[in-house]
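Engineer: Take this structure first; my questions come after.
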Amino acid sequence: MKTAFPWLRTVTRPWLALALLTGLETSSAAAASPLVSAPAGKGQAALSVGLDAAGRLKAATCSTAPCDVTGGLALDVPAAIARSLKSAHASVVGLGQGRSAVVLSAPDPRGPGVWQAVVVAPLGGGPAGVLFQGMTGLLHGEWGLRSGPMVQVVTDPRKTERKILVGEQHEDVTLCGRPTILAPQVLLPDDLKLHPAKVQRLDSGERDGATRIVAQRVEDPAAAPSAGQEPAKPVPLLRATAASSAIGLPAALTDGDPETTWAENRGGSGKGEFVVMTAPDSVPIVGFDLTVRPAQAHPQGGVAARAFWLATDKSVFWVTMPENAWDHPGARYRVSLPAPVTTGCVALATETAFSEGRDAHVTFAELSAIPELDTSNIGVLLGALNGGDARAEAAAAALSAMGPQAFDRVVSTYDQLSPDGRRLALNVIDHAPCAQKSPLYVRAMFSTEPGERTHARDRIRRCGPEATDALVAGLEQAPARGQPLLASELSLLAPARAVLVIAPRMLGSSTRRHLLRVAFAQASRSEQAYPSVRRVLGDTTLPTIAAIDVLRSLGARVGAYEPEASQLLLRLSSNSPDFRTRYLLLEPAAFLARRNPTVQALVSRALTADASPYVRLRAAQVSRYPGLYRAELVQATSDAASRVREAAVQALASRASSFATGAVSERLRKDEWPFVRVAAAKALAEQGPSTLADQSLGDALDDQAVTVRSAVIEALGRRGTRAQAPALRELLDDDEEPVEVRASAARALGRMCDTQSVDSLVHLALALRDPLADASKQLLGWAALEALGRIQPRDLTGTLRPLLAREGIPEGVKRAARAALRAAPACRPVR
């Protein structure tokens, strides 16, 4: 019977497995048959585990297998798993000395966990004993840091007996990707109990295939430097991150200080204890240098390893020491690999020691990787970046590992590198603290290479507020054209400071000021920037151009900064301001007018008395609250400038503007410009119920301008003026009328729910059957379909079937017909 766990040897009888999988229900005796049975052993009764008649999992002992589990010990199986025990795996594990245990595994259908149990028949007889039961797997913690219990059965092909281990597993602690049990306890055949154990986590297959290496003691020229010189230190390519046990921090093994140490904390040989280290996976490694005993420090209980393992992502090396390194304080040993390896991980696992007493702890002072590339000269490494090849990648990884001294050189030489070199330099500087790398990111944001700009912008945002000083310094030094880009980033990362920095810089070209206004507006939206905005508004030293743009940047939110906003606006409007000032201040003034009568008066004067028609036009355009300017807007509808009249009429297009129906109707009736009459028709469409408005629109149906007649018809439709439906039907059916007018009539009749026009609308809609129909017929057909969708006459599906069923009908027509059929009816169906 195959199992999801290769280390389980299933001995379940085949007919019982078949019964489980097919769900056979037989007699109660059959229902109580065991899933697995272990024969009696030396001093150990037989053991069976199975389901009783009620489907509960139980374990029982007896003299001869199989045992009746009906009266046995009930195992604590979670309800969700108990319902799916058919997929459970049961296995007998031989432990040696003629004794065995049963391991059960059942996957949790709700998630990745597995319920497992270790059951034994105790020595000397008695009921079954459960040494472990519960959920195993990565059950707790955040992704990447999960942990949970672990049950492992270890098989050695060279031996018949196996080991059952119970411990913990951590997602972030593995032997370079190999699942690893932590704090293991082993089930010993001597007493059939769990005991703390030292076990080798590398499996026997990898150990047997490991490359054998004998370490060699080497003389270190740097050990005796000349007077006044610092000893040379290797590039710290390795960084210890975790250990199975430790006396001291695991990081001591790779900190570059041979006086600090890591030691396993299991005692004796420390067999199987390990340290895991990260390594730059693009740097070929040709060997390792190892210091076992510090030259000066005296770690308590420290002993030297006789042999140990070095594991990488794909390889394992068995390393034998040439001597007892504890007798040679400060000595350095070289482990030379037969060929360079690239790996993202290195693990050191202990095996044997020269002294294995109870209080002994296998100790190591320092382990460093030897790169294939010469890393003694930073200048050479920087030059290698320009190659853009594997050697350049290795140089970048080495520079990343060298730390601050390399980072400073990368910053200073960045501009002299090739595009490939700058790309790798940015990867190197990514490892530096934000205060050190942010200035380089600011420079890279102006690179001619898109990839560099994107990289810099992304990384500087990751630095957050820590990049503020670099951005501010960049703003002060950058040319005018580059300031908006830095201002935008600053507004995201430090909005309060951005407001203070950007405001005085809103000078220069209109394009530059526009971009700076966008950045200022973005920053001002943050609550953190609220005090800074008020401070800027009260700054009397701010240039007029910049002050105007500050007010414009705030948009509709300008009223939240009273009274400072109104005070600034009125100060800028005093002393006969020029045209530009008067024009640009009108928009913020319109927002502030509701709260400040003085500002409202300023807008009123601009609307009716300003000498420039452009200022009067702008005042009408921004008059968002017509109720504040009733007399002024009515007066503006008769302004000498036609565009001012148009804007005034447009400002009156709301139900709140019914006070101006007469003035708007007059523009529709007598204005000399068609675009003003069109605006008047649209404004009347939005005003409330009014006989005058309806009559004025009806009278304008014979306007000479096609655009005006179309606008009038649309307005009648929006107002639902059904009294004008006969006139609109005549226009719809009049082939002499322009197509724009007829299409407007079709849509308006649909809005009026005019059922008398259905036949005409159907006729026009069905003209879309012809794929070669001219543009006029198509425009009328689309408008007719829209109207029919609103009216929803009886049997519209049958009526429009010719548009859906025939081959050759354009797909757009079919979609429009289906949309008409799906439209929610706005009128009562025709019966």
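Engineer: Does residue 511 meet the test of being polar (S, T, N, Q), surrounded by 17 or more Cβ atoms within 10 Å (Cβ to Cβ) and in a helix (DSSP H, G or I)?
Structural biologist: no
Engineer: Looking at segment 433-452 only, could you name the residues that are closer than 24 Å to residue 389 by Cβ and surrounded by 16 or more Cβ atoms within 10 Å (Cβ to Cβ)?
Structural biologist: Result: 440, 444, 447, 452.
Engineer: In segment 381-395, is there at least one residue being open to solvent by 10 Å² or more (accessible area, probe 1.4 Å) and either part of a strand (DSSP E or B) or under 30 Å from residue 270 (Cα atoms) (or both)?
Structural biologist: Looking for residues that are open to solvent by 10 Å² or more (accessible area, probe 1.4 Å) and either part of a strand (DSSP E or B) or under 30 Å from residue 270 (Cα atoms) (or both), one finds none in segment 381-395, hence no.
Listed here are the residues, each with its yes/no results for (1) aliphatic (A, V, I, L, M); (2) under 30 Å from residue 39 (Cβ atoms); (3) open to solvent by less than 60 Å² (accessible area, probe 1.4 Å).
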{"site": "82", "(1), (2), (3)": "yes, yes, yes"}
{"site": "88", "(1), (2), (3)": "yes, yes, yes"}
{"site": "97", "(1), (2), (3)": "no, yes, no"}
{"site": "105", "(1), (2), (3)": "no, yes, yes"}
{"site": "130", "(1), (2), (3)": "yes, yes, yes"}
{"site": "144", "(1), (2), (3)": "no, no, yes"}
{"site": "152", "(1), (2), (3)": "no, yes, yes"}
{"site": "171", "(1), (2), (3)": "no, no, yes"}
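Engineer: Quick one: how many residues across segment 148-177 are part of a strand (DSSP E or B) and closer than 23 Å to residue 312 by Cα? Break it down into steps so the answer makes sense when it comes.
Structural biologist: Taking segment 148-177 and keeping what is part of a strand (DSSP E or B), we get 148-155, 162-170, 173, 175.
Cutting the leftovers down to closer than 23 Å to residue 312 by Cα gives us 152, 154-155, 168-170, 173, 175.
Total satisfying the criteria: 8.
Engineer: Turning to a different aspect of this structure: Across segment 418-430, what is the number of residues that are surrounded by fewer than 18 Cβ atoms within 10 Å (Cβ to Cβ) and not polar (S, T, N, Q)?
Structural biologist: Residues flagged as surrounded by fewer than 18 Cβ atoms within 10 Å (Cβ to Cβ) and not polar (S, T, N, Q) within segment 418-430 amount to 3.
Engineer: Considering 487, 425, which residue is more than 29 Å from residue 534 (Cβ to Cβ), of a type outside the set (S, T, N, Q), part of a helix (DSSP H, G or I) and modelled with pLDDT of 90 or more?
Structural biologist: Selected residue: 425, the only one of 487, 425 that is more than 29 Å from residue 534 (Cβ to Cβ), of a type outside the set (S, T, N, Q), part of a helix (DSSP H, G or I) and modelled with pLDDT of 90 or more.
Engineer: Taking residue 505 as the residue in question, decide whether it is under 18 Å from residue 446 (Cβ atoms), open to solvent by 50 Å² or more (accessible area, probe 1.4 Å) and touching a residue at least 40 places away in the same chain (Cβ under 8 Å).
Structural biologist: Yes, satisfied.
Engineer: Taking segment 637-675, which residues are among the polar types (S, T, N, Q), touching an Asp or Glu at 6+ places or on another chain (Cβ under 9 Å) and within 20 Å of residue 610 (Cα to Cα)?
Structural biologist: 637, 638, 642
Engineer: Here's another thing I want to ask about it. Going through segment 654-668 one residue at a time, which ones are small (Gly, Ala, Ser) and surrounded by fewer than 19 Cβ atoms within 10 Å (Cβ to Cβ)?
Structural biologist: 654, 656, 658, 662, listed by residue number.
Engineer: Please go through segment 117-134 and give me each residue that is in a loop (DSSP other than H, G, I, E, B) and either free of Cβ contacts under 8 Å to residues at least 12 places away in the same chain or closer than 13 Å to residue 77 by Cβ (or both), ordered by number.
Structural biologist: Of everything in segment 117-134, nothing turns out to be in a loop (DSSP other than H, G, I, E, B) and either free of Cβ contacts under 8 Å to residues at least 12 places away in the same chain or closer than 13 Å to residue 77 by Cβ (or both).
Engineer: Can you tell which of 500, 492, 471 is open to solvent by 30 Å² or more (accessible area, probe 1.4 Å), in a helix (DSSP H, G or I), of a type outside the set (Gly, Ala, Ser) and touching a Ser or Thr at 6+ places or on another chain (Cβ under 8 Å)?
Structural biologist: 500
For (1) closer than 20 Å to residue 116 by Cβ; (2) open to solvent by less than 50 Å² (accessible area, probe 1.4 Å); (3) in contact (Cβ under 8 Å) with a residue 60 or more places away in the chain, each residue gets a yes or a no:
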| position | (1), (2), (3) |
| --- | --- |
| 164 | yes, yes, yes |
| 168 | yes, no, no |
| 179 | yes, no, no |
| 186 | yes, yes, no |
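Engineer: Within the bounds of segment 620-634, is there any residue that is surrounded by 15 or more Cβ atoms within 10 Å (Cβ to Cβ), farther than 22 Å from residue 587 by Cβ and hydroxyl-bearing (Ser, Thr, Tyr)?
Structural biologist: No; the residues of segment 620-634 include none that is surrounded by 15 or more Cβ atoms within 10 Å (Cβ to Cβ), farther than 22 Å from residue 587 by Cβ and hydroxyl-bearing (Ser, Thr, Tyr).
So that you can scan it fast, the table gives a plain yes or no per residue for (1) out of contact with any Leu (no Cβ under 8 Å at 6 or more places or on another chain); (2) under 15 Å from residue 683 (Cα atoms); (3) not in a loop (DSSP other than H, G, I, E, B):
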site	(1), (2), (3)
567	no, no, yes
575	yes, no, no
588	no, no, yes
591	yes, no, yes
602	no, no, yes
606	no, no, yes
620	no, yes, yes
629	no, no, yes
633	no, yes, yes
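Engineer: Filter segment 70-87 for residues that are part of a loop (DSSP other than H, G, I, E, B) and under 16 Å from residue 134 (Cβ atoms) and give the result.
Structural biologist: 75, 76, 77, 78 - these are the residues of segment 70-87 that are part of a loop (DSSP other than H, G, I, E, B) and under 16 Å from residue 134 (Cβ atoms).
Engineer: If you don't mind, there's one more thing I want to ask. I need the full set of residues from segment 537-573 which are open to solvent by 50 Å² or more (accessible area, probe 1.4 Å) and of a type in the set (Ser, Thr, Tyr), in order please.
Structural biologist: Hits for segment 537-573 are 540, 541, 544.
Results for (1) among the polar types (S, T, N, Q); (2) at pLDDT 90 or above; (3) under 19 Å from residue 378 (Cα atoms), shown as yes or no for each residue.
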position	(1), (2), (3)
391	no, no, yes
394	no, no, yes
401	no, no, yes
407	no, yes, yes
412	yes, yes, yes
417	no, yes, yes
429	no, yes, yes
437	no, yes, yes
449	no, yes, no
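Engineer: If you don't mind, another one. Yes or no: residue 461 of a type in the set (Lys, Arg), open to solvent by 10 Å² or more (accessible area, probe 1.4 Å) and either at pLDDT 95 or above or more than 24 Å from residue 237 (Cα to Cα) (or both)?
Structural biologist: Values: of a type in the set (Lys, Arg): yes; open to solvent by 10 Å² or more (accessible area, probe 1.4 Å): yes; either at pLDDT 95 or above or more than 24 Å from residue 237 (Cα to Cα) (or both): yes.
Yes; evaluated as a whole, the condition is true for this residue.
Engineer: Quick one: is residue 366 open to solvent by 30 Å² or more (accessible area, probe 1.4 Å), within 30 Å of residue 245 (Cα to Cα), at pLDDT 85 or above and of a type in the set (D, E, K, R)?
Structural biologist: no
Engineer: A follow-up question, please. Condition check: at pLDDT 90 or above and outside any strand (DSSP E or B). Does residue 180 satisfy that? Steps first, please.
Structural biologist: Details: at pLDDT 90 or above: no; outside any strand (DSSP E or B): yes.
Spelling it out, it is not the case that residue 180 is at pLDDT 90 or above and outside any strand (DSSP E or B).
Engineer: Residue 58 passes all but one of (1) modelled with pLDDT under 50; (2) basic (Lys, Arg); (3) in a strand (DSSP E or B); which number fails?
Structural biologist: The single condition residue 58 does not satisfy is (1).
Engineer: Tell me yes or no: at least one residue of segment 715-733 is without any contact (Cβ under 8 Å) to a residue 24 or more places away in the chain and of a type outside the set (Ser, Thr, Tyr).
Structural biologist: yes
Engineer: Among residues belonging to segment 730-786 that are polar (S, T, N, Q) and closer than 21 Å to residue 803 by Cβ, point out the one that is least open to solvent (accessible area, probe 1.4 Å).
Structural biologist: Step by step, filter segment 730-786, then rank; the result is 757.
Engineer: For segment 235-275, which positions are touching a helix residue (DSSP H, G or I) at 6+ places or on another chain (Cβ under 8 Å), in a strand (DSSP E or B) and farther than 27 Å from residue 389 by Cα?
Structural biologist: Listed by number, the residues that qualify are 240, 241, 242, 243, 262, 275.
Engineer: Now, a different point. For the condition closer than 19 Å to residue 645 by Cα and hydrophobic (A, V, I, L, M, F, W, C), what is the one hit in 749, 731, 697, 692? Lay out the reasoning, then the answer.
Structural biologist: Numbers: 749 fails: closer than 19 Å to residue 645 by Cα; 731 fails: closer than 19 Å to residue 645 by Cα; 692 fails: closer than 19 Å to residue 645 by Cα.
Sole residue among the options that is closer than 19 Å to residue 645 by Cα and hydrophobic (A, V, I, L, M, F, W, C): 697.
Engineer: Could you list all residues from segment 782-815 that are part of a helix (DSSP H, G or I) and either touching a residue at least 40 places away in the same chain (Cβ under 8 Å) or closer than 21 Å to residue 720 by Cβ (or both)?
Structural biologist: Within segment 782-815, 783, 784, 785, 786, 787, 788, 789, 790, 791, 813 meet the criteria.
Engineer: For segment 694-702, indicate whether the set of residues that are within 30 Å of residue 775 (Cα to Cα) and in contact with an Asp or Glu (Cβ under 7 Å, 6 or more places away or on another chain) is non-empty.
Structural biologist: Checked against the condition, which is being within 30 Å of residue 775 (Cα to Cα) and in contact with an Asp or Glu (Cβ under 7 Å, 6 or more places away or on another chain), segment 694-702 yields no hits at all.
The values are calculated or read from the model by the stated rules, or taken from the named source; none is laboratory data. As the structure is a computational prediction, the values presented were derived from the model and not from experiment. Positions of Cβ are backbone-derived with ideal geometry, glycine not excepted, and every protein chain shown enters the neighbour counts. Side chains included, ligands, DNA and RNA excluded: accessible areas come from the protein's heavy atoms. Shrake-Rupley method; radii C 1.70, N 1.55, O 1.52, S 1.80 Å.
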